[in-house]
Amino acid sequence: MLDTRVPWARLGLALTAVLAVTTSGLVSSPVAAVPVGVDAAVSADADQQEGLSIPADSVIASAGRDGMLTRTDSGSAPVFRWTRFTDGDTTVLPIGTHWGGEGTDIVASQAGPVYTLTDMSGSTQPIVIDTSALGSAETPYTLQRVVGTRLLMSTSVNSVRELHLVSTEDGRVVDREVALPTGTSLLLHYSSGPDDLTVRYRADVDGPTTSLIGVVDLSTGAVKATGSVPPGAISLNFSPTHMAWFEVPAARKLTVAVAPRGVTGAERVTLDSPTGTPDFMVRAIGDWAAYARIRGGTATWTDALHPLTVRSKDGETVKLLDHVASSAYGSEGSLIALGGTVEHGEGVYRIAPDTAGRPVATLLTGSGLPTALTVVKESPPPAGMVDFDRNGGVMKAAWTLSRFNASISLRVTHTASGLSGGAASPAPRQGVLDFPLTWNGRFDNGVPAYNGAYTWTMTAKPANGIGPGIVRTGTFIVTRAPKPHDFDDNGSPDLLSLDGTGRLRSYDVQQVESASPTRRLNPLDLGTGWYGYDRITATGNIAGTPAGDIVARDAAGVLWLHSGSGKGLAPRTRIGGGWQVYDKITGGSDLTGDGRPDVIAADRNGVLWLHPGTGNASTPFPVRKRIGGGWGIYNRLAATGNIAGAPSGDLVARDKDGILWLYLGKGDGTFAPRTRVGGGWSPYTSLVGVGDTDRDGRNDLIAYDADGGPYHSLYVYKGTGDWKVPFTSRRAPYNPGLGEGVIELF
């Protein structure tokens, strides 16, 4: 059989010569065209190649037997392309407006009043129609659509709209007016193929009237009435044998209707979808109604009408495509659709009845892009040991997905406690395929992550509900260096709270900082019976273990050590007696420069004593050392660690007038002369050198006002590292009382 198709290069040159414009270019990607499908209603071929290469936002302007005309409106002017079904070969047409003939491979192009109808299959020669002699300056002719080898043009005469069929016969231009019945006016016109032109019109009477349907005799322009549709018919479309539309009745639910041409009455079905007609399409395919809400592939919500579904007059429904972006009637009443299926991906599909009259979908050319959500690239959380001190206490991961309209989340779970936290992507943004996720290193309750083993799960879900989600999993281990004031093994300082019943609780400072009226604090309960002590001090690690410790003095003056276990406190051990001579005890600063925290105590005569730490739990302190006298003027002491920039630990002291003084540690167990910090510190019942609360590398001070109210009793003074101005202005984080009946923090 002789192949009479014109080669694409010659066809492009012919178009350029006829239109006297410059061709935009040729984009081609040859593949083999083979049928594939969705389910039992669709055929498939495993050898299909991928070759569709048109922009994703293109819409089908027309379709024929061999190819389709698409339009892309993303630039300053529309770009038209002709794409061949067999291999996806795509030609970018010359700049300008082009019209396709429904059901044909004909594309019309305009150069002034001259229109050229080109058979893009190359099987026939171009047809040139010069309309310069038609109409006038007052009544110009405007092209509405291409019907086979004819132009359907409109003009307005005495404010009455007219339609004209313009063609060439024996080398001359022939103009035939479409003759509507007397006393009627035109509403709309339709075409489903080269030999079909249908008009919708109404009688010129007052009030609502039924829309009349008529078929145009293309050889004469006469209109033959063939039926009617209700006034509320929307998106009316015609196949060679049927017509379909949808309505929005009083029930406010979409109703799809289909009826044979020329028959009064229709089969109707009400869809389980809320009202809202934007982007809803309905087509007749044989005696089946096909419907969908278009652009479901890029939708950011789920909708039962995203799939292209066909329904028979007997009520049978079949899903053919998972979504459809645009469609147009092709040859012989078929429907050509840009869309996709989870099984076979994105591409051009033909919807047509099989030999039994049942519509099936056939993939003509695939684009190589998946319809289902897939992972293109990923950078998951690291495996193995993760040092949260080095990475800022956060964990980063990232995924690149095949679609922008997706939601993605990361859940991280501590194996031992079951506590979890995570991160989620923001709302989808058009064109953004990268989804970086950063876990802030906290559980949902605001507590920073504990050391230990973790599992993580990434879940990605299509925002439009099309196709399955994606799950990735993994494990890692968090590690942090122990901190002096940390009692739950997460590297974050804790506040110890003693209430009137003798119950001791540990509150994570990071959780306190992030507390809100809707998120309650979750303290670590350290037990009751602590009312037996009259002094309790968090000392840092004085017992040789990595965790911070506590010393407590009972009423008899015996000092007890509660070693930190990383998850609370170990049973107490006796340090020694005679501590009743002290009225102030504090600890946590390394005053001697040996890397171990020390304890400072002021006796009732105002003498300050240093108890250097040994790191030995059985004998944590050697013989005490007198530092100096005159400390009886102070009613509060707090060892802060290095708060003023020097290597050794420091001390703050409040006098009876509410003035706070800073004593810089010299590294030999003594202090430099005091520096005034400021006044107004009298209301505070507790001063706590808690450590670094915000991970900026500088220690901070927390003050507690027992009479400050249930929600604003706690204040954070951030350390500056400058001994001249050691603290910033205080910050009052929301805190619901740190539990009931708190009497002291340390």
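The values are calculated or read from the model by the stated rules, or taken from the named source; none is laboratory data. From a predicted model like this one, the values you see are computed outputs, not experimental measurements. Neighbour counts run over all protein chains shown; Cβ positions are idealised from the backbone, glycine included. Keep in mind that these areas ignore ligands, DNA and RNA; they rest on the heavy atoms of the full protein, side chains included. Shrake-Rupley method; radii C 1.70, N 1.55, O 1.52, S 1.80 Å.
Points worth noting:
- Applied to region 430-444, the Karplus parametrisation 6.51 cos²θ - 1.76 cosθ + 1.60 on θ = phi - 60° returns per-residue 3J(HN,Hα) values of 3, x, 8, 9, 8, 10, x, 10, 10, 7, 6, x, 10, 6, 4 Hz, with x for Gly and Pro.
- Beta bridges per DSSP with both ends in region 611-740, % antiparallel, nearest 5: 100 percent
- Note on Asn616 and Leu433: the model spin-label points, each 7 Å out from Cα along the C-beta direction, lie 6.7 nm apart.
- Cα→Cβ-extended label distance, 7 Å offset, between Ala706 and Ala137, nm: 9.9 nm
- Descending by average beta-carbon neighbour count within 10 Å, the peptides 637-650, 467-480 line up as 637-650, 467-480, the highest first.
- Under 12 Å, Cβ to Cβ, from Thr83 - net charge with Lys/Arg +1 and Asp/Glu -1: -1
- Computed Kirkwood radius, in angstrom, where 1/r is averaged over Cα pairs of region 578-659: 13.1 Å
- Taking every protein chain into account, the accessible area of the chain amounts to 42 square angstrom per residue (probe 1.4 Å).
- Sites Ala732 and Ser235 - FRET efficiency at Förster radius 45 Å, r taken between beta-carbons, to 0.05: 0.15
- Gain on full stretching of the segment that runs from Arg604 to Ala646 - 0.36 nm per residue minus C-alpha separation: 12.1 nm
- Across all directions, the shadow cast by the convex hull of region 406-465 built on its C-alpha atoms averages 4.6 square nanometres.
- The Kirkwood hydrodynamic radius of region 503-603, based on inverse pair distances between different Cα atoms, is 14.9 Å.
- Contour excess over end-to-end distance, with Cα ends at Ser516 and Arg624 and 0.36 nm allotted per residue: 34.4 nm
- In terms of its C-alpha gyration tensor, region 210-266 has a prolate overall shape, because the principal axis ratio a/c (a ≥ b ≥ c, square roots of the eigenvalues) is not below 1.5 and a/b outweighs b/c.
- For a modelled paramagnetic label at Thr545, 7 Å from Cα along Cα-to-Cβ, the residues of region 611-648 in reach, with backbone nitrogen under 16 Å, are 615-620.
- nm² value of the averaged projected area, convex hull over the Cα atoms of region 143-266: 8.6 nm²
- Between Ser417 and Glu378, the contour length at 0.36 nm per residue exceeds the Cα-Cα span by 11.2 nm.
- Counting only lysines at least 8 places from Lys483 when in the same chain, those with an alpha carbon closer than 18 Å to its own are Lys567, Lys718.
- The aspartates and glutamates whose alpha-carbon is closer than 20 Å to the alpha-carbon of Lys724, local same-chain residues fewer than 8 away aside, are Asp650, Asp655, Asp692, Asp696, Asp700.
- Ordering of 88-100, 161-173, 528-540 by burial proxy (mean other Cβ atoms within 10 Å per residue, highest first): 88-100, 528-540, 161-173
- Within the same chain, lysines fewer than 8 places from Lys319 are excluded, and of the rest, those with a Cα less than 26 Å from its Cα are Lys253, Lys461.
- Rounded FRET efficiency, nearest 0.05, which uses the C-beta distance separating Lys567 from Phe404 and R0 of 51 Å: 0.70
- Phi-derived couplings, Karplus 6.51 cos²θ - 1.76 cosθ + 1.60 at θ = phi - 60°, listed residue by residue for region 560-575: 10, 9, 10, 5, x, 9, x, 9, x, 10, 7, x, 6, 10, 7, 8 Hz, with x used for Gly and Pro.
- Percent accessible area from carbon and sulfur atoms, region 257-380, protein chains only, probe 1.4 Å: 51 percent
- In this label model, Asn635 and Asp694 are separated by 3.0 nm, measuring between points 7 Å along each Cα→Cβ vector.
- Directionally averaged projected area (convex hull, Cα atoms, region 440-560), nm²: 10.6 nm²
- The value given for the chain is a Kirkwood hydrodynamic radius of 32.5 Å, derived from the mean inverse Cα-Cα separation.
- Along region 462-475 the Karplus relation, 6.51 cos²θ - 1.76 cosθ + 1.60 evaluated at θ = phi - 60°, assigns HN-Hα couplings of x, 5, 8, x, 8, x, x, x, 10, 10, 10, 9, x, 9 Hz to successive residues, with x for each Gly and Pro.
- In the chain, the DSSP beta bridges split such that about 95 percent are antiparallel, to the nearest 5.
- Global form of region 247-343, assessed from the alpha-carbon gyration tensor, a/c cut-off 1.5: oblate
- To the nearest ten degrees, helix 8-19 and the longest principal axis of the Cα atoms of the chain are 70 degrees apart.
- Interchain or long-range residues, amide H under 5 Å from Gly691's placed H: Asp700
- Packing order of peptides 671-679, 487-495, highest average first: 487-495, 671-679 (average count of other Cβ atoms within 10 Å over each peptide's residues).
- Rounded to 0.05, the FRET efficiency of the Thr457 and Glu343 pair, given R0 = 22 Å and the Cβ-Cβ distance, is 0.25.
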